[in-house]
Amino acid sequence: MDKQHESRDAEARRDTSRRTAAHWADETAAKIIREKGEKEQYTCASGITPSGTVHIGNFREIISVDLVVRALRDLGKKVRFIYSWDDYDVFRKVPKNMPRQAELEKYLRFPITMAPDPWGRDASYARHHEVDVETMLPLVGIAPEYLYQAERYRASVYAEGIQKALKHRDALKSILDKYRDEEHKIQGEWWPLSVFCDACCRDDTDIDGWDGEWGLSYHCNSCGHKETTDLRGARGVKLGWRVDWPMRWEYEQVDFEPAGKDHHSQGGSFDTARHVCKDVYGWDAPVTFRYDFIGIKGGAGKMSSSSGRLYDLSDLLKVYTPELVRYLFAGTRPNTEFTISFDLDVIKIYEDYDKTERIAWKIEAARDEAAYNRERRIYELSQVEVSPEGKTRFPQVRPVQVPFRHLCNLIQIAGGDIGKTLEGLEKAAAATDKPLTPEQCAPLRARTICAKYWVEECAPEEFRFRLRLPGERAELSAPEAAGIRALREGVVCQIETFTDDKSCAEAIYGAAETAGLDGKALFRAAYQALIGKDQGPRLASFLRSIEKERLLEILADYS
C-alpha cells in the first residue's frame, strides 16, 4: 500500500512539474505560493468600472485571472476568485455607443449605479453592463464571486479603511507625490476621499473638516446642502482610486491581481498602490503581472469604452466557440499585444487550435516533449468544463475535427441550413462506421453555428458562394461546355468511388485531358457552372461534399 501511495505521489509531482514548466499561468501560480507562502486559501482578484460596454480588452484581465485560478486549483489549492464591480465610481462621460444620450447626460457626476438603464432592461445603467458580462462569462467557463462596490460603500463596509486613510492623510499625500514632478504634485489641502451629496447625489462637494474619529463635514456646491456625517453610516463617502484599490487589497486579503500596462507604468497606480497597501494598511501588495492591450484586425488603436469603438465577449462568441475564445488567451502570454481577427485569419486560428488538439490527444506528434507539454497544457486550459473542485478537465471523449474552412463550405452548400449541414456530417461519419456521439455532436454544432455567422457576416466576398439552381446555366464557350460534360461523365457520375480528394483530383485532370482543355480552364468552367465565379473551394473536395444528384441536376444542361 505504501508503494502505491509513493507511486501516486511521484506521478502527481511529475504532473505538477510538467504543468509548471509548460504555461505562464502555472508559473504565476507557483510564484504566488512562493511569495505568499502556504495558505488555507488564496484570493485572486479582478474588477472594472461598468462605465460602458465591457469590451474584450477588459475581458483579457478576467480570463487571465481565471487561468491563474485554475492553475492554483490544479495544485490542490483552495482559491477565492473575486470580481469587483466598481459601480460607485462617478459617471463622468456618456460613451458614444449608448442610446438616449440626453437623458444619460443628466446623471453626469452621479454614481454610475444611479444612472438609469437606457435600454430599460435593468435597474440601472451600471447594472445593465454588469448583467451583460455576468450572463456571458459562464459560457466560457468563468464563474467569479461578484462584489458590488456601491452596495459595500453604502453599507459602510469600509468605514475603518476610510478612517485609516484620514489618519494617514499626510503619509498618503507623500506617497502619491513620490512619482510626480513638481508641476503635478498635490497643491493645498487634500483629502483622500470624495463625497456624493446626500441631498442631490452629485460629487460636486468640498470637505470642510474631520473630527479625528468618525465625523466628516462637507458642503455641496451644486445644491448648497451641508452636513456632518458619521463614517460608520455614511452612504456617499468614497476613497479616491489610488487609495481605494490598496485598501480593498488589505480588506479582501488579495494575493494576486494583474493590471494593464497603463497601471503598471513607472510611477503608475500600481506603484503607488503598492506603497499605500504596505505603509498605510499593513498588507503586502498582491503578486501581479502586466497585461497588454488587444486590437481588432483592421482597426486602429486600442479599444475604449468611452469612445464606443469596441467589441465584447458576445461578439467573439459569434465567430469563435467558447474553447477557441479561451485558446486565444491561454495560448498568448499576457504581456504580449495581439489582435483578434474577424477576417480570413479566423480560419488559421481554428487550424491552430485543431493542431493543438491533435497534439494533446497524441494524434499528431509534437516536436519534442517540451512542445507536447506546452500544447497539452494550453489545450487543457482552453476547455470550458472543469471538475467540481474547479480543476482543469481533459475531455473524456475525443472531439471530431471538421476543419473550419470545410465547414464554411458545407454550410454554404446547404444554403445556410445548420440542420442539413449537421445531418450530412452525421451521415458521413456513420458511413465510416464511426458514428458521432452526443458528446461529439454538441461542439460540432457550436462550431457550425460560428461558421454560418462568419460566412454571412465577416467573410470577404470572394470566400462566399451560392450553388446554382438546376437550369441556371453559366455562359460558357463550346470548349468549356465540353469540359463540363467530360467532368460530369468522368467524375460526377462516379463521385462515390473516390475515397479521397487526391484520386478525385486525378480524375478531374483526366476529364480536362479528355475535353482537350488545360486544368486551369476546366477549373474556371467548373466554378462558373457551379457557383458563377472564376474561383472557389478546392474542386475535388468541393465536388465530394455535394450530393451526387444535386451535382448532376446543376450540370445537366451542358449537352
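Counted as qualifying within the range 518-559 are the helices (runs of 4 or more DSSP H) with 1 or more residues that are at pLDDT 95 or above and more than 17 Å from Asn409 (Cβ to Cβ), namely 519-531, 548-554.
Scanning the range 216-260 for residues being assigned to a loop (DSSP other than H, G, I, E, B) and over 25 Å from Ile186 (Cβ atoms) gives a total of 11. Residue check: is Thr229 touching a strand residue (DSSP E or B) at 6+ places or on another chain (Cβ under 8 Å) and among the hydroxyl-bearing types (Ser, Thr, Tyr)? Here the answer is yes, as Thr229 does meet what is asked. Restricting Gly141, Gly161, Gly120, Gly76 to residues that are under 28 Å from Lys297 (Cβ atoms) and among the small types (Gly, Ala, Ser) narrows the list to Gly141. Given the options Glu380, Glu357, name the one that is free of Cβ contacts under 8 Å to residues at least 40 places away in the same chain, buried (at least 19 other Cβ atoms within 10 Å of the Cβ) and either in a helix (DSSP H, G or I) or not assigned by TED's automatic domain parsing to the domain that holds Ile56 (or both). After applying the criteria, what remains is Glu380. Could you list, in sequence order, the residues of the range 529-539 that are surrounded by fewer than 20 Cβ atoms within 10 Å (Cβ to Cβ) and either charged (D, E, K, R) or without any contact (Cβ under 8 Å) to a residue 60 or more places away in the chain (or both)? Hits for the range 529-539 are Lys533, Asp534, Arg538.
Checking the structure you have, find out if any residue of the range 442-455 is modelled with pLDDT of 90 or more and farther than 20 Å from Leu317 by Cβ. Checked the range 442-455: no residue is modelled with pLDDT of 90 or more and farther than 20 Å from Leu317 by Cβ. Applying the condition of being over 16 Å from Ala159 (Cβ atoms) and in contact (Cβ under 8 Å) with a residue 60 or more places away in the chain to the range 195-221 and asking which residue is surrounded by the fewest Cβ atoms within 10 Å (Cβ to Cβ) yields Asp204.
The set of residues in the range 341-358 being in contact with an Asp or Glu (Cβ under 9 Å, 6 or more places away or on another chain) and modelled with pLDDT under 95 consists of Phe342 alone.
The selection criterion, being under 23 Å from Lys355 (Cβ atoms) and either modelled with pLDDT under 95 or β-branched (Val, Ile, Thr) (or both), holds for Val400. Return yes or no: is Lys362 of a type in the set (Lys, Arg), without any contact (Cβ under 8 Å) to a residue 60 or more places away in the chain and assigned to a helix (DSSP H, G or I)? It is false that Lys362 is of a type in the set (Lys, Arg), without any contact (Cβ under 8 Å) to a residue 60 or more places away in the chain and assigned to a helix (DSSP H, G or I). Put simply, of Gly161, Gly120 the only residue that is small (Gly, Ala, Ser) and either within 30 Å of Val325 (Cα to Cα) or surrounded by fewer than 17 Cβ atoms within 10 Å (Cβ to Cβ) (or both) is Gly120. Of all residues in the range 123-135, exactly one satisfies the criterion of being surrounded by fewer than 22 Cβ atoms within 10 Å (Cβ to Cβ), of a type outside the set (A, V, I, L, M) and more than 21 Å from the chain's Cα centre (by Cα), namely Ser124.
Before we move on, is Thr321 within 15 Å of the chain's Cα centre (by Cα), at pLDDT below 95 and of a type in the set (S, T, N, Q)? When the stated conditions are applied, Thr321 does not pass them.
Residue by residue, here is whether (1) within 23 Å of Val79 (Cβ to Cβ); (2) out of contact with any Lys or Arg (no Cβ under 8 Å at 6 or more places or on another chain); (3) small (Gly, Ala, Ser) holds:
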site	(1), (2), (3)
Ile347	no, no, no
Trp361	no, no, no
Tyr379	yes, yes, no
Ser382	yes, no, yes
Val386	yes, no, no
Glu389	yes, no, no
Val402	no, no, no
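For Pro192, indicate whether it is in the same structural domain as Asp26 (by TED's automatic domain parsing) and buried (at least 17 other Cβ atoms within 10 Å of the Cβ). No; evaluated as a whole, the condition is false for this residue.
The values are calculated or read from the model by the stated rules, or taken from the named source; none is laboratory data. The structure presented is a predicted model; accordingly, all values stated were derived computationally and were not measured. Glycine gets a Cβ as well: all are built from the backbone with ideal geometry, and neighbour counts include every protein chain shown.
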